[in-house]
Amino acid sequence: MAAPKPEEISHPPMDQLQGLEYCIDSNPSWGESIALGFQHYILSLGTAVMIPSFLVPFMGGTDGDKVRVVQTLLFIQGINTLLQTLFGTRLPTVIGGSYAFMVPIISIIHDSSLTSIQDDHVRFLNTMRAVQGALIVASSIQIILGYSQIWAICSRFFSPLGMVPVISLVGFGLFDRGFPVVGRCVEIGIPMFILFVVFSQYLKNFHARQLPVLERFALLISITVIWAYAHLLTASGAYRHRPDITQVNCRTDKANLISSAPWIKIPYPLQWGAPTFDAGHAFGMMAAVLVSLIESTGAYKAASRLASATIPPAHVLSRGIGWQGIGILLNGLFGTLTGSTVSIENVGLLGSTRVGSRRVIQISAGFMIFFSMLGKFGALFASIPFTIFAAAYCVLFGLVASVGLSFLQFTNMNSMRNLFITGVALFLGLSVPEYFREYTLKAFHGPAHTNAGWFNDFLNTIFSSSPTVALIVAVFLDNTLEYKDSARDRGMPWWVKFRAFKGDSRNEEFYTLPFNLNRFFPPS
């Protein structure tokens, strides 16, 4: 047999992913776009419901309070998504709630000045106002770093090699929200996972009227089937004598959202009262804002690949971070009980559907705003058991992580230096946060446990985030280990042309502001 030719055993690096049906500026038909937008809306419900459902009871809130927080979060989620897709990075990204804010918010909930309040409703309102004040102050971090272009300057120290662990762990770092949650109710979680994979991958060539229906709407079809199946199990009494935790994760009537939701309710600023401000709370929240910034940076780069766009130039990335800071400010003003970040699951859905259209995401934002005001209808969809979402996360988070690994094609992975940096950053990015999580579960407080609560919150939040740990390790090593002689190995010749807006002719197509606003904000 003849020796294979080099081109037969290697694949040239590609700036943009191939095989995507629609990129940022190419749109499906209006009917298909609306259906795809609704699918993104349904997927975004998982985090929007989970965070308030976990936090509100600890604050003394009722089911009615929980519903109002969910509605408010969805409302602001829709507004932030529109702002980001119109004036921020302009990438097709949903801006949703973030788990990064859990540590400082739980710390505020357990503040002695709040836990001493006897009346549950008063304690809930006072805690909400304290969280709002901390979010409002902390949002200034992203606003300043974004609009001053400081984050653009910082991003000049990033290389493809340094970004691989960060982007990969944006997906891999969420492993605890995948199968560990599916395992809480395997009878609906496993079928959901299997159906989603079969429809989106094995039956993706099934067409109806020249439309790949099963691939394009695999998530929507799978959720509908399994949700109906779960409701059948609930109605038949399958969980009647099961433990409470099983019922919460399996039943479709345990969320108490529909009965507690008003028919119409429009969220408005300061609806919980005037925010209260505490320096310690705000400083701890700043750590979560920094984590959100780093996670979103990785997610934006992943979204650009899955939307078949070029990597966002430094000033575009910084502009997006500035608008995300505005989003966190809105979170604080309206009272959503969390800050904003890029929704990783929705980024993964871009790849699963092979549709990276900006219009689709803007339509999904419209659904978020519309159904957040129509309480009963929104609560109906929000009552989907979280186990169903977790099964989809097993696919979507993994897809985002693999996009991060795809950046290795621009680097020299036969270099021991690169192997060392990639391996150590990936390992520590998984291992350090796992240590912080295990320590917290056993000791009921993080490894940082001093008399300064703000200091504890800052360190425990930073080192509980996999992408943040990966960025600290990877960027430090990449810029200190033989960096002068390894520019080619790090992938810098490929990366450098995307640093400036005019470095690549395609940037204007993807990232130019609408309504001719570039006249007033010229790209750098």
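The values are calculated or read from the model by the stated rules, or taken from the named source; none is laboratory data. Being a predicted model, the structure only gives us computed values, none of them experimental. Positions of Cβ are generated from backbone atoms using ideal geometry, with glycine treated the same way; all protein chains shown enter the neighbour counts. Note: accessible area is taken over every heavy atom of the protein model, side chains too, but ligands, DNA and RNA are not part of it. Shrake-Rupley method; radii C 1.70, N 1.55, O 1.52, S 1.80 Å.
Under the condition of being small (Gly, Ala, Ser) and modelled with pLDDT of 90 or more, which residue from the range 446-489 is nearest to Phe397 (Cα to Cα)? Can you show your working first?
Step one: filter the range 446-489 for residues small (Gly, Ala, Ser), giving 446, 448, 452-453, 464-466, 470, 474, 486-487.
Then keep just the ones that are modelled with pLDDT of 90 or more; that gives 464-466, 470, 474.
Numbers: Ser464: 18, Ser465: 15, Ser466: 13, Ala470: 17, Ala474: 21 Å.
Ranking the candidates gives Ser466 first.
Could you list, in sequence order, the residues of the range 460-489 that are touching a residue at least 40 places away in the same chain (Cβ under 8 Å) and assigned to a loop (DSSP other than H, G, I, E, B)?
Ser464, Ser465, Asn479, Leu481, Glu482, Ser486
Out of the residues in the range 515-524 meeting the condition of being in a loop (DSSP other than H, G, I, E, B) and surrounded by 12 or more Cβ atoms within 10 Å (Cβ to Cβ), tell me which one is modelled with the lowest pLDDT.
We begin by selecting, within the range 515-524, every residue in a loop (DSSP other than H, G, I, E, B); these are 515-516, 520-524.
When the remaining residues are screened for being surrounded by 12 or more Cβ atoms within 10 Å (Cβ to Cβ), the result is 523-524.
Working: Pro523: 62, Ser524: 59.
For the range 515-524, the residue satisfying everything is Ser524.
Go over the candidates Thr234, Thr246, Thr252 one by one and state the one that is out of contact with any helix residue (DSSP H, G or I) (no Cβ under 7 Å at 6 or more places or on another chain), open to solvent by less than 70 Å² (accessible area, probe 1.4 Å) and modelled with pLDDT under 90. Reasoning before the result, please.
Details: Thr246 fails: out of contact with any helix residue (DSSP H, G or I) (no Cβ under 7 Å at 6 or more places or on another chain); Thr252 fails: out of contact with any helix residue (DSSP H, G or I) (no Cβ under 7 Å at 6 or more places or on another chain).
Only one candidate qualifies: Thr234.
Based on what the data block shows, is Gly237 more than 17 Å from Ala138 (Cα to Cα) and in a loop (DSSP other than H, G, I, E, B)?
Numbers: more than 17 Å from Ala138 (Cα to Cα): yes; in a loop (DSSP other than H, G, I, E, B): yes.
Spelling it out, Gly237 is indeed more than 17 Å from Ala138 (Cα to Cα) and in a loop (DSSP other than H, G, I, E, B).
Return the only residue of Pro467, Pro447, Pro433 being farther than 23 Å from Leu405 by Cβ and open to solvent by less than 60 Å² (accessible area, probe 1.4 Å). Talk me through it step by step, then tell me what you get.
Numbers: Pro467 fails: farther than 23 Å from Leu405 by Cβ; Pro433 fails: farther than 23 Å from Leu405 by Cβ.
Only one candidate qualifies: Pro447.
What do you reckon, is Ala391 among the hydrophobic types (A, V, I, L, M, F, W, C), part of a helix (DSSP H, G or I) and more than 15 Å from the chain's Cα centre (by Cα)? Talk me through it step by step, then tell me what you get.
Details: among the hydrophobic types (A, V, I, L, M, F, W, C): yes; part of a helix (DSSP H, G or I): yes; more than 15 Å from the chain's Cα centre (by Cα): yes.
For Ala391, the condition - among the hydrophobic types (A, V, I, L, M, F, W, C), part of a helix (DSSP H, G or I) and more than 15 Å from the chain's Cα centre (by Cα) - is met.
Find all pairs meeting these conditions: Cβ atoms under 7 angstrom apart; at least six residues apart or on different chains; first residue within the range 497-514 and open to solvent by 40 Å² or more (accessible area, probe 1.4 Å); second residue of a type in the set (A, V, I, L, M, F, W, C).
Arg499/Ala314
Among the residues of the range 490-514, which ones are modelled with pLDDT under 85 and in a loop (DSSP other than H, G, I, E, B)?
Those that are modelled with pLDDT under 85 and in a loop (DSSP other than H, G, I, E, B): Arg499, Ala500, Asp504, Ser505, Thr512, Leu513, Pro514.
Does Arg490 satisfy the criteria of being touching a Ser or Thr at 6+ places or on another chain (Cβ under 7 Å) and either loosely packed, with under 15 Cβ neighbours inside 10 Å or of a type outside the set (A, V, I, L, M, F, W, C) (or both)?
Values: touching a Ser or Thr at 6+ places or on another chain (Cβ under 7 Å): yes; either loosely packed, with under 15 Cβ neighbours inside 10 Å or of a type outside the set (A, V, I, L, M, F, W, C) (or both): yes.
It is true that Arg490 is touching a Ser or Thr at 6+ places or on another chain (Cβ under 7 Å) and either loosely packed, with under 15 Cβ neighbours inside 10 Å or of a type outside the set (A, V, I, L, M, F, W, C) (or both).
Kindly indicate which of Pro269, Pro312 is more than 30 Å from Arg499 (Cα to Cα), part of a loop (DSSP other than H, G, I, E, B) and touching a Phe, Trp or Tyr at 6+ places or on another chain (Cβ under 8 Å).
Working: Pro312 fails: more than 30 Å from Arg499 (Cα to Cα).
On inspection, the qualifying residue turns out to be Pro269.
Table: residues versus (1) closer than 18 Å to Phe370 by Cβ; (2) modelled with pLDDT of 95 or more.
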residue	(1), (2)
Leu36	yes, yes
Val49	yes, no
Gly64	no, no
Phe75	yes, yes
Thr85	yes, yes
Gly88	no, no
Ser98	no, no
Val103	no, no
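Specify which of the listed residues (Gly31, Gly46, Gly61) is in contact (Cβ under 8 Å) with a residue 60 or more places away in the chain, open to solvent by 10 Å² or more (accessible area, probe 1.4 Å) and small (Gly, Ala, Ser).
Working: Gly31 fails: in contact (Cβ under 8 Å) with a residue 60 or more places away in the chain; Gly46 fails: open to solvent by 10 Å² or more (accessible area, probe 1.4 Å).
Gly61 is the lone residue from the list that is in contact (Cβ under 8 Å) with a residue 60 or more places away in the chain, open to solvent by 10 Å² or more (accessible area, probe 1.4 Å) and small (Gly, Ala, Ser).
Conditions (1) touching a residue at least 60 places away in the same chain (Cβ under 8 Å); (2) in contact with a Lys or Arg (Cβ under 9 Å, 6 or more places away or on another chain); (3) surrounded by fewer than 24 Cβ atoms within 10 Å (Cβ to Cβ); (4) farther than 16 Å from Thr72 by Cα, marked per residue:
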site	(1), (2), (3), (4)
Gly320	yes, yes, no, yes
Gln324	yes, no, no, yes
Ile328	yes, no, no, no
Phe334	yes, no, yes, no
Thr338	yes, no, no, no
Leu349	yes, no, no, yes
Arg358	yes, yes, yes, yes
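If you take the residues of the range 228-243 that are among the hydrophobic types (A, V, I, L, M, F, W, C) and farther than 13 Å from Cys185 by Cα, which of them is farthest from the chain's Cα centre (by Cα)?
The residue in question is Ala235.
Regarding the range 37-44, can at least one residue be identified that is in a helix (DSSP H, G or I) and closer than 14 Å to Ala261 by Cβ? Let's see the steps before the verdict.
Here is the first cut: in the range 37-44, the residues in a helix (DSSP H, G or I) are 37-44.
Of the ones still in play, those that are also closer than 14 Å to Ala261 by Cβ are none.
No, because not a single residue in the range 37-44 is in a helix (DSSP H, G or I) and closer than 14 Å to Ala261 by Cβ.
Can you tell me which residues in the range 361-375 are open to solvent by less than 20 Å² (accessible area, probe 1.4 Å) and under 30 Å from Ile141 (Cα atoms)?
Ile361, Ser364, Ala365, Met368, Ser372
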